Amino acid sequence: MSSVALAALGFLVAMDVLGPLEGIRVLDCSGALGAYCTKLLANFGADVIKVEPPDGDELRHRPPFKGGIADVEKSLLHTYYHDNKRGVTLAASRPEAQRLLAELSASSDVVVVSPGRDGHTIGFDDGTALVTAGGPWDQRNLVVCAISPLGLEGPNWRWRATPFTSYAMGGLMFVVGPPEGPPMAIPGQQAYDEAGIHGALAVLAALFDRAQVEGQVVDLSVHEVMASQDRSIERFSTASLVTNRTTNFGPPPGGIWQCSDGRLDIASHSERHWAAFLETLGMPEELCDPLFADRAMRVQLFDLVTELVTPLLANVEVHDFVRRGQANGLPCAVFNSPESFLQDEQARSRNFFVENDRPHTGKLEMPGTPYVTTPSSLISYRRPAPLLGEHNEEIYGREMGHSVGTLREWRRDGLV
């Protein structure tokens with residue numbers, strides 16, 4: 001991690017632990033690309049205002065939906081990614097939205113945008129993503145974080161992309177998956193989540209640096225974030241080595257196995273691990289041939305060893321095997337499904353799950369923060385994800401001074 005990033009984290013920890021970003025306002029004009037970035041900033045106490053079209057942000061329209069009913073208020077993705085935020089609606093592509101964007105950005109410290117193929121919303125420069133609404137961005141000491149598939153410059157910056165294509169273009173897909181099959185990709189939003197983590201960290205660093213530099217632009221490329229996650233490019237550039245797809249578990253007993261009540265994951269790479277595996281299984285006679293202790297030999301006899309191990313593990317109880325295996329020094333774990341992870345005793349003991357309760361979706365258990373801070377938490381859960389336009393009156397009316405009649409007119413006209 002760079003010295004600037006470390007300094008930003010130090011700045012974060014040094015602030016009031018009850019709300020380390022309390023007093024910082026973030027205007028979230030991004031779509032799916034910036035959702036996790038602004039979620040992290042909101043969790044740290046920033047006042048994040050999510051701006052979405054009158055028919056709802058793109059994540060509202062994506063399944064899964066609570067109860068399987070397609071409804072913008074039942075999207076579980078929206079519920080997860082936008083908690084702790086306030087929400088307003090705005091037809092931001094319309095010229096008359098310029099004034100409202102100017103007012104919103106004028107009271108903000110950070111603006112997060114997702115530049116699109118056809119340019120940005122009204123109020124943002126088409127080529128740089130800089131905020132033009134409300135006057136020069138740098139004179140307002142505004143941090144602008146633009147998260148886009150390929151960045152804001154270069155010959156292909158306007159190309160269409162998804163998390164899947166960004167994963168492929170970044171080179172990671174080439175090295176993932178079984179060698180005899182096609183390449184594979186991480187599912188769903190995870191590529192954008194990786195970019196969001198980098199974006200949030202860069203925003204923290206920019207906020208830390210505001211005393212020295214007025215106005216900062218963070219130009220974040222998902223394509224390049226994906227390329228930075230693996231050392232394949234480094235190995236090729238320094239030694240002309242091409243990393244091919246390989247299995248990550250080696251010969252048996254490495255890999256994923258079916259037990260009597262679930263699945264088991266074993267990582268076995270040394271002779272010591274083989275000995276621990278045999279001890280955990282109770283020293284089965286068919287596997288005690290000294291020949292099998294040699295890893296290279298198990299590679300040669302892959303199919304035979306697999307045939308011998310499969311029925312032995314099929315008769316064990318997975319949690320019992322993991323407890324005994326760990327005691328014997330064998331790297332092994334329960335292979336959790338999403339359903340079984342909800343019951344994971346380790347995660348539950350650390351209060352990893354948080355309860356999310358909002359209209360239309362009801363009470364849900366959602367993933368919380370993957371770290372614990374003491375003596376008090378840097379994270380607070382203050383509100384569930386907003387309903388569509390839930391804070392229009394609060395923000396446009398009470399905070400910005402527009403009348404109830406004006407708001408009604410805007411709704412009739414489809415502006416909000």
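The values are calculated or read from the model by the stated rules, or taken from the named source; none is laboratory data. Quantities reported herein were computed from a predicted structural model and do not represent experimental measurements. Methodologically, a virtual Cβ is constructed for each residue, glycine included, from the backbone with ideal geometry; neighbour enumeration extends over all protein chains shown.
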Response to the item:
Note on residue 268: of the conditions (1) within 38 Å of the chain's Cα centre (by Cα); (2) assigned to a loop (DSSP other than H, G, I, E, B); (3) modelled with pLDDT of 95 or more, unmet is (3)
Worksheet item: Only one of (1) crowded, with 17+ Cβ neighbours inside 10 Å; (2) modelled with pLDDT under 95; (3) not small (Gly, Ala, Ser) is not met by residue 350, so which one is it?
Response: (1)
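Within the range 91-102, track down each residue that is in a loop (DSSP other than H, G, I, E, B) and either among the basic types (Lys, Arg) or within 30 Å of residue 354 (Cα to Cα) (or both). Before the answer, list the steps.
Going residue by residue through the range 91-102, those that are in a loop (DSSP other than H, G, I, E, B) are 91-96.
Listed by number, the list holds a single entry, 94.
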Discussion item. As an exercise: evaluate residue 371 against (1) within 22 Å of the chain's Cα centre (by Cα); (2) surrounded by 12 or more Cβ atoms within 10 Å (Cβ to Cβ); (3) not hydrophobic (A, V, I, L, M, F, W, C) and give the number of the one condition it does not meet.
Written reply: (2)
Practice prompt. Determine which single condition residue 26 fails, assuming it passes every other condition in (1) under 17 Å from the mean Cα position of the chain (by Cα); (2) within 27 Å of residue 96 (Cα to Cα); (3) buried (at least 21 other Cβ atoms within 10 Å of the Cβ).
Written response: (1)
Discussion item. Restricting to the range 358-416, count the residues that are of a type in the set (Lys, Arg) and part of a helix (DSSP H, G or I).
Written reply: 4
Worksheet item: Scanning the range 17-49 for residues that are touching a Ser or Thr at 6+ places or on another chain (Cβ under 7 Å) and of a type in the set (D, E, K, R), which turns out nearest to residue 149 (Cα to Cα)?
Response: 28
Worksheet item: Within the range 143-164, which residues are polar (S, T, N, Q) and surrounded by fewer than 18 Cβ atoms within 10 Å (Cβ to Cβ)?
Response: 156, 162
Response to the item:
residue 320 meets each of (1) out of contact with any strand residue (DSSP E or B) (no Cβ under 8 Å at 6 or more places or on another chain); (2) surrounded by 12 or more Cβ atoms within 10 Å (Cβ to Cβ); (3) assigned to a loop (DSSP other than H, G, I, E, B) with one exception, condition (3)
Worksheet item: If you go through the range 292-313 one residue at a time, do you hit one that is at pLDDT 95 or above, basic (Lys, Arg) and over 30 Å from residue 168 (Cα atoms)?
Response: no
Worksheet item: If you check every pair at least six apart or on different chains, which have Cβ atoms under 8 Å apart with a residue in the range 346-362 that is in contact (Cβ under 8 Å) with a residue 60 or more places away in the chain first and a residue that is aliphatic (A, V, I, L, M) and surrounded by 12 or more Cβ atoms within 10 Å (Cβ to Cβ) second?
Response: 356/364; 356/366; 356/385; 358/385; 358/387; 359/387; 360/387; 361/76
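Do the conditions hold for residue 191, that is, is it hydrophobic (A, V, I, L, M, F, W, C), modelled with pLDDT under 90, within 16 Å of residue 114 (Cβ to Cβ) and part of a helix (DSSP H, G or I)?
On the way: hydrophobic (A, V, I, L, M, F, W, C): yes; modelled with pLDDT under 90: yes; within 16 Å of residue 114 (Cβ to Cβ): yes; part of a helix (DSSP H, G or I): yes.
Taking the combined requirement at face value, the residue satisfies it.
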Worksheet item: Restricting attention to the range 204-242, and to residues there that are within 26 Å of the chain's Cα centre (by Cα) and assigned to a loop (DSSP other than H, G, I, E, B), which single residue is modelled with the lowest pLDDT?
Response: 231
